[in-house]
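Notes follow once the structure below has been shown.
Every number here is computed from the coordinates shown, using simple stated rules; none is lab data. Source: prediction; values computed, not measured. FYI the Cβ positions are ideal-geometry reconstructions off the backbone, even for glycines, and counts take in every protein chain you see.
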Amino acid sequence: MADVFGMETYGAGPDSWNAGSGKLTGDLRRKYNFGDRVSELAIAQDPFFRFVSKVGKKPTDDPEFKFTERRGSFHKRYAYVTAHGANSSVADTGDATIDAGLVDAGDTYYFKMGTDYENKGNMTSISGQSTGAIAVGAANTAPQFFLNDQVIKINYRAEDEGSAYTTPTGYLLAKIKSVTAVGNTHQILGCEIVKGNTAACDLMWESVSAPVSTVYNKTIATDLEPKRCYVVGSAHGQGTGYPDTWKDQPFSTGFGLTQIWKTAMAMDNTTRATVLKYEPNEFARIWREKLIEHKWDIEQSLLFGSQATQDGVHYTQGAVDFCVNYGNIFSGSTIGSTKSQDDFLDDMSQFLDPRYNNANATLFLVSTDVYNWFHKLGGYINANMRQTDMGDANKAASMEFSVGGKKNVFGVNITQVYTPYGVMNIARNIHLDGTEIKILALNMKYCAYRPLVGNGLNRDTAVYVGVQTLENSGVDRRVDLIQTEAGMEWQMPEAHAVWK
């Protein structure tokens, strides 16, 4: 083995009276008042590994494990009008305008509806991810939830206002009388108008001549929500029977792989039996260092690893690779320069929109410059924003974004930043320095560390001890091996984000 540790000459130098031996005993046999301790620099090692192994450990009994995700549909019963007309043919006219008199109360009118998420698994587009983006009317996106006797709300704006006018001026209420499927992409609804509009109006399309189609990277609250048509209940007559029903399919599956990490050391028995100063047992000292080195390697893999199988070797999925390829992506390159606090709060608003992601990330891993940026914001607010309110000298203005305090969790220093969207638990991670990653927002509820455990074997940091005979000699040496086999499970990409 290459890493056979022997005794080194500590403090040896050519100025000794016995320079030939290389053993420095001290000028004139002076002791130099050597103390009984040696200083050691302790550094942050593995904040993410500590967190995920403490709060998200979930053993697996298969090196290729699978998992199921479920996305509810109760809040996704919306669609976009892609065509409309006074008869059931509903040609794709590419015109948003409804002429005056066609949608008065009691009139019959037809709307062609499409939506932007797959009805198999309720999978949707992820902010910032062009790969896997789902357009309105893509395959398997037909809105299957529309039923007879439902009432739907359809927003409109004044005629010829165009796409520059993004706020509706009113809405129609229409009761569904018939539902006709158009392949697996659209539904045509025959409706009786309940709440109408006597004047000509334009539906909330991308423009007067183009229906909603591009939803990728659009902000839900301001760009998409005004164009969405929602089910707003149902209306039935007295004595009517059971209504129609529908069944969603909210489940999707994913898989992960375990990876094997090994760290070894070997030392001959002469060295092991030699008592040294400060650390009498050199084998024990190096063994402790090897344990830290092993954890350091796992931390690096859990951050930057990429899931793959090559030549029979498994590689597990790292946080950075998962977020960059599947999670929300926001611009972070200008944090600390041109990206302001307001810009960052806009990102948080989109990331934590309850129609899209209803659970705040529990851990924000940040690079050093971003860590400083958050504290500079807090310092600026504390020093410069203590202004009085309406002449009352005893009342200071409150801030919506501030550094609130610090705590220690599993040995990791956490800074708490208070925002309108909840408390951000921020941990500096030096492994992100020198990379394009500024912030990793990780929802610990939707990731897990999965060590391989089964049939009485636990591969979560197992230690193997052996004795090896050196080649061409009869001298034995102690050989120790640290081995870990585990993988990362990542669920719900919409619940994780990266600023890069």
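Brief remarks follow.
- Modelled label positions at Asn408 and Thr309, each set 7 Å beyond Cα in the direction of Cβ, lie 4.4 nm from each other.
- Mean-position separation - Cα centroids, segment 482-500 and segment 100-128, in angstrom: 35
- Residue-count net charge about Gly454 - beta-carbon cut-off 14 Å; Lys, Arg +1, Asp, Glu -1: -2
- Theoretical FRET efficiency, 1/(1+(r/R0)^6), r = Cβ-Cβ of Gln300 and Val463, R0 30 Å, to 0.05: 0.90
- Dipole in debye (nearest 20) - segment 80-203, about Cα centre, beta carbon charges: Lys, Arg +1; Asp, Glu -1: 460
- Evaluated with a Cβ-only charge set (Lys, Arg +1; Asp, Glu -1), segment 206-264 carries a dipole of roughly 260 debye about its Cα centre, given to the nearest 20.
- Summed residue charge, Cβ within 11 Å of Ile430's Cβ, Lys/Arg positive, Asp/Glu negative: -2
- Least to most buried among His375, His431, His496, His314 (fewest other Cβ within 10 Å first): His375, His314, His431, His496
- Kirkwood-based Rg to Rh ratio, segment 180-296, C-alpha trace: 1.46
- Pairs of lysines in segment 72-239 (C-alpha under 12 Å apart; 8 or more residues apart or interchain): 5
- Inter-label distance, nm, simple model (7 Å from Cα along the C-beta direction), Ser333/Ala139: 3.4
- Label-to-label distance, nm, for residues given as Ser252 and Thr169 (7 Å Cα→Cβ offset): 3.9
- Calculated log₁₀ intensity ratio I(q)/I(0) where the Debye formula runs over C-alpha points of segment 72-239, q = 0.09, 0.14, 0.18, 0.21 Å⁻¹: -0.27, -0.68, -1.14, -1.54
- Arranged from fewest to most other beta-carbon atoms within 10 Å of their beta carbon, Thr60, Thr245, Thr461, Thr270 become Thr245, Thr270, Thr461, Thr60.
- In terms of surrounding Cβ atoms within a 10 Å radius of their Cβ, Thr362, Thr198, Thr338 rank from fewest to most as Thr338, Thr198, Thr362.
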